[in-house]
Amino acid sequence: MMDDKTKIGIGLTFFGVIFTVLGVVFFFDQGLLSLGNLLFLSGVAVTIGGRRTFNFFFKRKRNYKGTAFFLGGLLLVLYGWALLGMILESYGFVLLFSDFFPTVLIFLRRIPVIGPILNLPGVKSVVNKIAPKGSLPV
């Protein structure tokens with residue numbers, strides 16, 4: 001059972017992703033991208049807590065590079081250089097959350113519509129490199 005704080009955090013994160021996608025769709029609109037970034041970060045902080053968020057971004061030595069790119073890209077988006085900021089932010093996102101990609105792909109393989117798409121010949125070889133079939137990184 002989720003408490004109200006977790007529900008609010010998940011909602012903020014969801015709206016952050018939606019605003020970021022809309023910002024990209026509308027040709028890197030600075031306002032939508034900035035709002036999406038701020039909502040995403042505040043949603044993560046509310047969902048898992050401020051201390052755990054800080055520890056995720058700054059305490060793990062392997063996350064320093066991803067944090068630098070992610071926050072640097074966020075600052076560039078806020079400053080007005082949306083395209084360059086999103087490129088840096090995307091690279092930082094991949095570095096920060098790459099440990100979760102195999103788990104997400106294993107989950108997506110079990111969804112009825114998406115699973116067969118991930119099993120297409122060209123896609124299957126790429127997906128198997130990221131998440132070998134039947135293995136969880138736990």
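Please label the shape of the chain as rounded, prolate or oblate, based on the square roots a ≥ b ≥ c of the eigenvalues of the alpha-carbon gyration tensor (a/c under 1.5 means rounded; beyond that, a/b larger than b/c means prolate, else oblate). Prolate, since a/c reaches 1.5 and a/b exceeds b/c. Modelled label positions at Lys133 and Gln30, each set 7 Å beyond Cα in the direction of Cβ, lie 5.0 nm from each other.
Remark: for residue pairs Lys7/Lys129; Lys5/Lys129; Lys65/Lys133, the C-alpha separation exceeds 32 Å in Lys7/Lys129; Lys5/Lys129. Each Lys and Arg Cβ is given +1 and each Asp and Glu Cβ -1; about its Cα centre, the chain then shows a dipole of about 660 debye.
Protein heavy-atom accessible surface, 1.4 Å probe, per residue over segment 22-119: 61 Å². The modelled label-to-label distance between Asp99 and Leu84, using points 7 Å beyond Cα along the C-beta direction, is 3.2 nm.
The values are calculated or read from the model by the stated rules, or taken from the named source; none is laboratory data. Computed from a predicted model, the values in this text were never measured in an experiment. For neighbour counting, all protein chains shown are included, and Cβ atoms are generated from backbone atoms with ideal geometry for every residue, glycine included. Each accessible area value is taken on the protein alone, full model and side chains, heavy atoms only, with ligands, DNA and RNA left out. Shrake-Rupley method; radii C 1.70, N 1.55, O 1.52, S 1.80 Å.
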